Amino acid sequence: MIKPLMNRDIRQCQLSVFVTSAAYCWFEPNTIRLTEDPELNLTSEHISWLISIIQVGCITSSLVSGDLTNRIGRKYVIMSIGPLCIAGWILILCSKSMPSLILARIFHGLSTGVAFTITPIYTAEIAEPKLRGSLSGIFMSTWNLGVLYAFSFGPYLSYDEFIYVCLPLPITFTIIWMFMPETPYYLLMKGQEDEARKVLKYFRNGDIDEELEEMKNAVREEMSTEGSWKILFTDEVERKAFIIVQIVCITKYLGGLTVLVNYALDIFSKSESFLPAEEMSILLASVITLIALVSGFMSDWIGRRPLLLISCFGCFFAHFITGGYYYVHEKTTFDTSRCTWVLYIGLSMYCFFSDIGITPLMQILQSEMFGASTRGVAAGITEGFASVLTFVVLKAYSPVNEAYGIYINFWFYSLVALVGGILLSWLLYETAGKTIGRMENKPTNRAVA
């Protein structure tokens, strides 16, 4: 049983996600203000680059942190999030210029890459198998709370006031995180069994001998091979896990999730709405957060596989409806003000189906499907790949809108979700409740080389 104390520890761990989420999406609620600033004189092309350039930082830190986490530990890599975010906020506050904004976005991208790569690993390695999905599922709930935080303050505060509201977040996180322990898995990897025992006692009530022995056996087995990226392609089980996680990654990031967050004002400004675009963005963030808070506890109850399949096919249908609304709105003379509810249904359906599966479960799968020696490397490669996909989809959004129409974007997201669902229905196996790194270790279940 997990100590009541651990609930606080999980919140401290997920605070890193809240900090990076606010830093990642702060630009969206301030877009209109910055485009109207005569000093900056930003064009739609500038905005497109400022939104997507953050992925350069994400790519870099994802690849680097995946290797560093096995060298210096999960704790110290996660701790770097605070200074990186602080540096970005100070740059934004001190100099409102294009170079400063670009550099600040890259700093915030570096912190985001660390959060998405290492925080799920830390959470999974301190959690009991039966609760790992619920605790890891808190990741996206916390991320959405950060989005809601930025969307709620951004439109109503001045530029400087908004920065002052966000700057204390990474400072508080850094101070708190200094007192967090390392994970028992990492300590066992380094041969520090006594320290691992102490940490496990810190996180558990009652006898820990059986669980510690299981961890030792798992780490011993997983560390019997060198933690090289080559293992992800030469070992049958690791290869299949890697392929599955990449399919989930493609479905998640090419499926419109980051576009919805980064271009919320633009999406709502292109439709008939009963509220201003800024308030619709806040409403959207609130809906996503509420759904995520409930769905975060479903993966241990229902299972990863059924939730992912329901999520993929549900997102396919939701995006198809949304794209249909925008097609009628942009390409026909039909008065869409009478059926704006179709847009709300489509977006609400996407929020629901995305939040119950594809959005939170990628981080869970990448933290529990790989062995101890490859977990960090696999997470780094996956998050680096995710950053590339996100950069492409964010950068392509505006040009596609201008050339063809917003409906093409949503129908593309719909197609991605459909193909992802079909592939996962064929490849994906269940991981809920199993020991980390031992999800599919029977020869009969292994992928064909």
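The values are calculated or read from the model by the stated rules, or taken from the named source; none is laboratory data. It should be emphasised that the depicted structure is a prediction, and the values quoted were computed from it without experimental measurement. Every residue, glycine among them, receives a Cβ derived from its backbone with ideal geometry; neighbour counts consider all protein chains shown. All accessible areas refer to the heavy atoms of the entire protein, side chains included, with ligands and DNA or RNA removed. Shrake-Rupley method; radii C 1.70, N 1.55, O 1.52, S 1.80 Å.
Find the residue count for segment 296-346, including only residues that are farther than 18 Å from ASN401 by Cα and either at pLDDT 85 or above or in a helix (DSSP H, G or I) (or both).
Count: 29.
Since ALA150 meets every condition but one in (1) touching a Pro at 6+ places or on another chain (Cβ under 8 Å); (2) at pLDDT below 85, which condition does it not meet?
(2)
Taking the condition of being at pLDDT 80 or above and open to solvent by 70 Å² or more (accessible area, probe 1.4 Å), how many residues in segment 420-442 meet it?
Total meeting the criteria: 2.
Among (1) modelled with pLDDT of 70 or more; (2) closer than 30 Å to THR340 by Cβ, where does GLU236 come up short?
Result: GLU236 fails condition (2) only.
Quick check on segment 203-225. Is at least one of its residues out of contact with any Leu (no Cβ under 8 Å at 6 or more places or on another chain) and modelled with pLDDT of 85 or more?
Within segment 203-225, not a single residue is out of contact with any Leu (no Cβ under 8 Å at 6 or more places or on another chain) and modelled with pLDDT of 85 or more.
Please go through (1) out of contact with any Lys or Arg (no Cβ under 9 Å at 6 or more places or on another chain); (2) surrounded by fewer than 18 Cβ atoms within 10 Å (Cβ to Cβ) for PRO170 and return the number of the only condition it doesn't satisfy.
Every condition holds for PRO170 apart from (2).
Scan segment 399-418 for residues that are among the small types (Gly, Ala, Ser) and within 17 Å of THR359 (Cα to Cα) and jot them down.
SER414, ALA417
Every residue in segment 32-51 that is open to solvent by 20 Å² or more (accessible area, probe 1.4 Å) and either in a helix (DSSP H, G or I) or closer than 11 Å to ARG105 by Cβ (or both), please.
Across segment 32-51, the qualifying residues are ILE32, ARG33, THR35, SER44, GLU45, HIS46, TRP49.
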